[in-house]
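What follows is calculated from the coordinates using simple rules that are stated; it is not laboratory data. Given the structure is predicted, the values throughout are model-derived calculations rather than measurements. Note that we place each Cβ from the backbone using ideal geometry, even for glycine, and neighbour counts take in every protein chain shown.
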Amino acid sequence: MAYRKPQLFFLVLLRLFIGWHFLYEGLIKLFNPAWTAQGYLQSAEGPLAPVFQWLGSDGLLPLSNSLTIGALLFIGLSLVLGILERAGCWVGMGLLAFFYLAHPAWPGLPNAGPVEGNYFIIDKNLVELAALGVLANFPTSHLLGLAAFWRKPGLQKAKHQ
């Protein structure tokens with residue numbers, strides 16, 4: 001499939017923007033010793049709320065915090081640097097689905113309406129999840145990323161024609 005330059009430009013831009021978002025979120029949490037996922041997990045709503053509240057319990061909280069930071073950093077670095085791009089996209093989609101299910105924007109839930117953006121069913125997590133789905137299916141690391149330096153030039157052309 002042949003791509004036009006504007007398509008490629010915006011796919012790369014999308015990858016870099018989403019990657020930066022995840023990387024920044026991970027770094028902010030990593031360097032803030034007071035950060036914890038406990039409030040987010042304990043305030044979960046919807047049918048999976050007991051699972052999220054269990055993950056936010058004192059016994060599991062250190063693991064939940066570490067896994068969240070680690071996933072954010074992995075996703076961000078993979079997208080910004082252009083290495084393991086598809087894996088980063090899939091981990092990102094999983095993490096965003098997790099975030100969405102902890103606080104779904106479903107009608108009838110107490111906190112579904114009066115939050116940032118006042119979402120109705122579709123929120124920013126689902127929008128970014130869909131964007132990662134696009135990136136997983138149209139990877140761009142061969143254009144701009146460390147992966148481009150590791151591939152042999154002949155293989156690159158043959159693979160993407």
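Couple of notes before you dig in:
- Label-to-label distance, residue 53 versus residue 40, with points set 7 angstrom from Cα along the beta-carbon direction: 1.9 nm.
- Fewest-first ranking of 15, 86, 4, using other Cβ atoms within 10 Å as the exposure measure: 4, 86, 15
- Model label points for residue 25 and residue 97, set 7 angstrom from Cα along the Cα-to-Cβ axis, are 1.6 nm apart.
- Length gained when the stretch residue 90-residue 124 is fully extended (0.36 nm per residue, less Cα-Cα span): 10.5 nm
- The residues 101, 135, when put in order of fewest to most other Cβ atoms within 10 Å, stand as 101, 135.
- ³J(HN,Hα) computed for each position of the range 54-59 - Karplus, 6.51 cos²θ - 1.76 cosθ + 1.60, integer Hz, glycine/proline x: 5, 5, x, 6, 4, x
- Full extension of the chain segment joining residue 106 with residue 4 gains 32.9 nm, where the gain is 0.36 nm per residue of separation less the Cα-Cα distance.
- Taking amide H positions as modeled 1.01 Å from N, with prolines and chain starts lacking one, the residues under 5 Å from residue 105 and 5 or more places away or on another chain are 121.
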